[in-house]
Every structure is written in structure tokens, then in C-alpha cells.
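Trainee: This structure is in C-alpha cells; I'll ask about it shortly.
The values are calculated or read from the model by the stated rules, or taken from the named source; none is laboratory data. Since we're looking at a predicted model, the values are computed, not measured. Counting neighbours? That spans all protein chains shown, and the Cβs are built from the backbone with ideal geometry, glycine included.
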Amino acid sequence: MNASRTVIAVLNGPNLNLLGERDPEVYGTATLTEIEKLCLETADRLGFDVDFRQTNHEGVLIDAIHEVRRTAAGVVINAAALSHTSVSVRDALAVVDGPVVEVHLSNIHRREAFRHHSFVAEVADGIVTGCGARGYAMAVEHVAHLAAEEATA
Ligand code: CA2
């Protein structure tokens, strides 16, 4: 495997820093720090490091995607509400070298109609939605699987 691509980037969008504070029936009780720990443990088991970030700003999220797009083994992204609105985030993800897996804590298809469409989904290799915090572990595992597959192809 290419040594410069052993980091999985886990990128989080607006308001996810508030997890654990409100709406546990929708988003569960885990805080973002607990989700980061889960990602680190999952990735570590599979031989990957994690670069875990959260921002409330669209441009900062796009800059983060640009920063990791050539160096990360793959990207797990919960763009939060930007998933449903941002063509810019979608376009940035479209030029990521490695696999991209979209994750949502809640099942976006069981919620309001405006959450049913995701621009991110159009450029994602996979989507995990409605599996709570565990969905992040599943997404990290799938990115690791796809990245390892790519490295041996
Ligand atoms: O289910 C998800 O993971 C979402 O990406 C979460 C976003 C929402 O806009 C998406 O439709 C689905 C919202 C994240 C905000 O999280 C909060 C957590 C606690 C309190 C307030 C907001």
C-alpha cells in the first residue's frame, strides 16, 4: 500500500459539534468526541490513522476536502445540512482520489422531504444513514476496505 495514503479523513459539517446536547431521539446520545474515538479505534484495528475534523463553515469544509484529497486513503463525510444544499461540497468531493463514503446519524429518508436528496450521495461510493454513531464505524470500515482493494488493484 502507498505509505502516504494510510490516513482516513473523517469530515463533519455544521452543528455536529452540538451532538449529545439536544435531540437524542434523532441523533443519539454520543458526542462528537465519542464518535471520533470510535473512528480512531475502528481505523486502528484495520491499520489506518484518522484525521477527524468538524467545521460550521462551508468554505472551511471545502478547504479541508482539498487538503486531504490527494493524501488520504479515503474520506468519510457527514456534511450535515450542507449535504442537502451544497453543490460546492459535492464538486470538491468529486475530485478526491480515494473512496468517499457519506454518513448520516439519522435516516435522512425517514425525515422531512428536504433531507431526502443529498448532493454528496451523487459522488459517494457508499452511504450509511440511520445507523447512529455506529454508522461512522461502518463507514470507516468500508473506506478502509475500498482503499485496501484499490491499493492491490
Ligand atoms: O443525520 C445526520 O447525521 C445529519 O447529517 C445531521 C444534520 C442534518 O441537517 C442532516 O439532515 C442529517 C444536522 C446536524 C446537527 O446536529 C445537531 C445535534 C444536536 C443539536 C442540534 C443539531
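Trainee: For the range 26-51, how many residues meet the condition of being more than 11 Å from the ligand (Cβ to nearest atom) and either buried (at least 18 other Cβ atoms within 10 Å of the Cβ) or assigned to a helix (DSSP H, G or I) (or both)?
Mentor: Selection size over the range 26-51: 14.
Trainee: Taking into account only those residues within the range 77-87 that are in a helix (DSSP H, G or I) and near the ligand (Cβ under 10 Å from one of its atoms), which is surrounded by the most Cβ atoms within 10 Å (Cβ to Cβ)?
Mentor: SER83
Trainee: Name every residue in the range 23-53 that is of a type outside the set (Phe, Trp, Tyr) and farther than 15 Å from ALA133 by Cα, in order of residue number. Break it down into steps so the answer makes sense when it comes.
Mentor: Keep residues of the range 23-53 that are of a type outside the set (Phe, Trp, Tyr), which gives 23-26, 28-47, 49-51, 53.
Listed by number, the residues that qualify are ASP44, ARG45, LEU46, GLY47, ASP49, VAL50, ASP51, ARG53.
Trainee: Continuing with this model, one more query. Quick check on my filter: what residues within the range 93-118 are outside any loop (DSSP other than H, G, I, E, B) and either at pLDDT below 95 or crowded, with 17+ Cβ neighbours inside 10 Å (or both)?
Mentor: Start the filter on the range 93-118 by keeping residues that are outside any loop (DSSP other than H, G, I, E, B), which leaves 93-94, 100-104, 108-110, 113-115.
LEU93, VAL100, VAL101, GLU102, VAL103, HIS104, ILE108, ARG115, listed by residue number.
Trainee: Determine whether the range 119-137 contains at least one residue that is part of a helix (DSSP H, G or I) and of a type in the set (Phe, Trp, Tyr). Working first, answer last.
Mentor: Step one: filter the range 119-137 for residues part of a helix (DSSP H, G or I), giving 120-123, 134-137.
Retained after the next criterion (residues that are of a type in the set (Phe, Trp, Tyr)): 136.
Yes, that holds for at least one residue.
Trainee: Out of (1) surrounded by 15 or more Cβ atoms within 10 Å (Cβ to Cβ); (2) touching a residue at least 40 places away in the same chain (Cβ under 8 Å); (3) assigned to a helix (DSSP H, G or I), what's the single condition that is false for ARG90?
Mentor: The single condition ARG90 does not satisfy is (2).
Trainee: With respect to GLY59, determine if the residue is small (Gly, Ala, Ser), modelled with pLDDT of 95 or more and in contact with a Gly (Cβ under 6 Å, 6 or more places away or on another chain).
Mentor: On the way: small (Gly, Ala, Ser): yes; modelled with pLDDT of 95 or more: yes; in contact with a Gly (Cβ under 6 Å, 6 or more places away or on another chain): no.
When the stated conditions are applied, GLY59 does not pass them.
Trainee: A follow-up question, please. Taking ARG70 as meeting all but one of (1) surrounded by fewer than 15 Cβ atoms within 10 Å (Cβ to Cβ); (2) within 10 Å of the ligand (Cβ to nearest atom); (3) not in a helix (DSSP H, G or I), write down the number of the exception.
Mentor: (2)
Trainee: Turning to a different aspect of this structure: In this structure, does ASP63 turn out to be closer than 14 Å to GLY13 by Cβ and of a type outside the set (Val, Ile, Thr)? Step through it out loud before you land on a result.
Mentor: On the way: closer than 14 Å to GLY13 by Cβ: yes; of a type outside the set (Val, Ile, Thr): yes.
Yes; evaluated as a whole, the condition is true for this residue.
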